[in-house]
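The values are calculated or read from the model by the stated rules, or taken from the named source; none is laboratory data. From a predicted model like this one, the values you see are computed outputs, not experimental measurements. Because the Cβ atoms are built from the backbone with ideal geometry, glycine has one as well, and the counts that use them run over all protein chains shown. All accessible areas refer to the heavy atoms of the entire protein, side chains included, with ligands and DNA or RNA removed. Shrake-Rupley method; radii C 1.70, N 1.55, O 1.52, S 1.80 Å.
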Amino acid sequence: MTTLVPPSPLPPKALLLDLDGVLLDTRPVMERAWQQVQKGHGLDVPFEEYERHLGRPFADIMERLGFAESEPFHRTYDEASIAASHLAREFDGTVEVLRAFIAAGWLLGVVTSKPLERAAPLLTNLGCPFSTVRTPNGGGRGKPAPDPVLLALTDLGVDPAEAVYVGDMAVDQEAARRAGVPYVHAGWGYGCPDSPFPVVAESPKDLLRLLSSGPLLEGRLL
């Protein structure tokens, strides 16, 4: 079995990660929940349309889909998501990689648009000690605003230049840019990066290679 080599222990570093499409494959959960919204509220919007806006808070997504009043939909979606949470799966090597970063002294944090009541059980199942978890429950504007990223760094006591944010959607990239945090795109996730094209990790294990080889500057490796 291949032994993962942790990144070199540098001055305090923070690794912030999105949840859906980065830490866990939750697409089956989200698709099941959206089917319940369709069934319960008579919507004919396909899941693919909902999926295009992943990374934003639910109310923002619904507004973009043309629904001004989203609370009834949100309640149905939340209940169905919790019921289907067993369908979520860890991406290959994720926990092993996270433990390697912890061993090297990095602080781990999660920045997600998933509400805390749905995010917490999923993160608990991963079994990794996250030093902060920022969700829409914590106040501030949602992604692509920089607020949740900056709040996570405040929790950790880390400057933006000493952190990296790993996401899989264009809104993650924009939130990191606006927060002044170097960004790495999760190539195994659900979305495509935006211009300017960022550093892309092809797998969770690829993060170790990228973040061990040098500092990040303006989204590129030196």
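Data overview
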quantity: Filter result (of a type in the set (S, T, Y) and surrounded by fewer than 22 Cβ atoms within 10 Å (Cβ to Cβ)) within region 70-120; calculated: S70, T76, S85
quantity: Cβ-Cβ under 8 Å pairs, at least 6 apart or on other chains, region 57-77 side under 16 Å from G142 (Cα atoms) and touching a residue at least 40 places away in the same chain (Cβ under 8 Å), far side open to solvent by less than 50 Å² (accessible area, probe 1.4 Å) and of a type in the set (S, T, N, Q); calculated: P57/S113; F58/S70; F58/S113
quantity: Criterion: acidic (D, E) and modelled with pLDDT under 95 - qualifying residue of E79, E69; calculated: E69
quantity: Yes/no for L123 being on the phi < 0 side of the Ramachandran plot, in contact with a strand residue (DSSP E or B) (Cβ under 8 Å, 6 or more places away or on another chain), open to solvent by 40 Å² or more (accessible area, probe 1.4 Å) and of a type in the set (A, V, I, L, M); calculated: no
quantity: Filter result for G140 (touching a residue at least 40 places away in the same chain (Cβ under 8 Å) and either assigned to a loop (DSSP other than H, G, I, E, B) or closer than 20 Å to A119 by Cα (or both)); calculated: no
quantity: Search result, residues across region 44-55 that are in contact (Cβ under 8 Å) with a residue 12 or more places away in the chain and either more than 23 Å from the chain's Cα centre (by Cα) or open to solvent by less than 40 Å² (accessible area, probe 1.4 Å) (or both); calculated: V45, F47, Y50, E51, H53, L54, G55
quantity: Flag for G21 being within 19 Å of V171 (Cβ to Cβ), crowded, with 21+ Cβ neighbours inside 10 Å and at pLDDT below 95; calculated: no
quantity: Residue identified as in contact with a helix residue (DSSP H, G or I) (Cβ under 6 Å, 6 or more places away or on another chain), β-branched (V, I, T) and under 21 Å from I102 (Cβ atoms) among T132, T124, T154; calculated: T132
quantity: Hey, A161 open to solvent by less than 20 Å² (accessible area, probe 1.4 Å), out of contact with any Pro (no Cβ under 6 Å at 6 or more places or on another chain), among the aliphatic types (A, V, I, L, M) and part of a helix (DSSP H, G or I) or not; calculated: no
quantity: Matching entry among A152, A84, A120, A176 (being of a type in the set (A, V, I, L, M, F, W, C) and in contact with a Ser or Thr (Cβ under 7 Å, 6 or more places away or on another chain)); calculated: A152
quantity: Hits in region 171-222 (condition: among the basic types (K, R) and either assigned to a loop (DSSP other than H, G, I, E, B) or modelled with pLDDT of 95 or more (or both)); calculated: R177, R178, K205
